[in-house]
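Working notes, structure below.
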């Protein structure tokens, strides 16, 4: 399992984990969309919303929540996805989804985010966990939330992303070119 040292290596070697010649905010957004896009391809998500405000972005979907049930000796899958490098690919239902969507893991995005959080609804109960540079700041706790699905929020640290802004048309074109079945999923983008 990844450690705080692994997350620190992401920050000290951003160019190894992200394409520094490309748009790093878009790379981060695409990485975080992997959970929602996988569920959409399987017909479990019909709405994905992306909001951005400066270097902060939020991805919400109306699909199934992420599991909070840990296997022996492991953290809950929802926490692993947020804090262990490569875990989002390991938790995909089929290996080809990881190949298509997980060139950068969600934990790598969290590692360069001053704050991030995940809210997920399981059996009508919403749970949330906060992170600072990929490290959980506590356990999942029950929260008030009426909408189903997942809500990922990341505040990317400017030291690691440069001056690029989110380019929604480019990211939408890129994700639609992957070849996933997304015709029954509405994907919306907005800037605050």
- Residues of the range 23-60 with amide N under 17 Å of the 7 Å Cα→Cβ point at residue 99: 38
- Item | Relative contact order (percent, whole number), the chain, Cα cutoff 8 Å, 6+ residue spacing | 29
- Net lengthening on full extension, residue 145/residue 182 (0.36 nm per residue, minus Cα-Cα): 10.7 nm
- Item | Quotient of Cα Rg and 2.2 N^0.38 Å for the range 102-169, N being how many residues it contains | 1.25
- Item | Kirkwood Rh and Cα Rg combined as Rg over Rh, evaluated for the range 16-123 | 0.94
- Query: Restricting attention to the alpha-carbon atoms of the range 1-70, what are Rg (one decimal) and Dmax (integer), both in Å?
  - Reply: 14.7, 39
- Task: Starting with the highest mean, order 105-112, 175-182, 57-64 by the number of other Cβ atoms within 10 Å, averaged over the residues of each peptide.
- Result: 105-112, 57-64, 175-182
- Query: Dividing the alpha-carbon radius of gyration of the chain by 2.2 N^0.38 Å (N being the number of residues), what value is obtained?
  - Reply: 0.94
- Item | FRET E, pair residue 167, residue 137, Förster distance 45 Å, beta-carbon r, rounded to 0.05 | 0.90
- Net lengthening on full extension, residue 157/residue 53 (0.36 nm per residue, minus Cα-Cα): 36.1 nm
- Give, in nm to one decimal, the length gained when the segment between residue 44 and residue 12 is fully stretched (0.36 nm per residue of separation minus the Cα-Cα distance). 7.8 nm
- Note on the structure: dims of the range 78-192, Cα set, principal axes, largest to smallest, nearest Å -> 37, 37, 32
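Bear in mind these aren't lab numbers, they're just calculated from the coordinates by the rules spelled out. Note that the structure is predicted; figures quoted are calculated from it, not measured. Every residue, glycine as well, gets a Cβ built from its backbone with ideal geometry; the counts of neighbours run over all protein chains shown.
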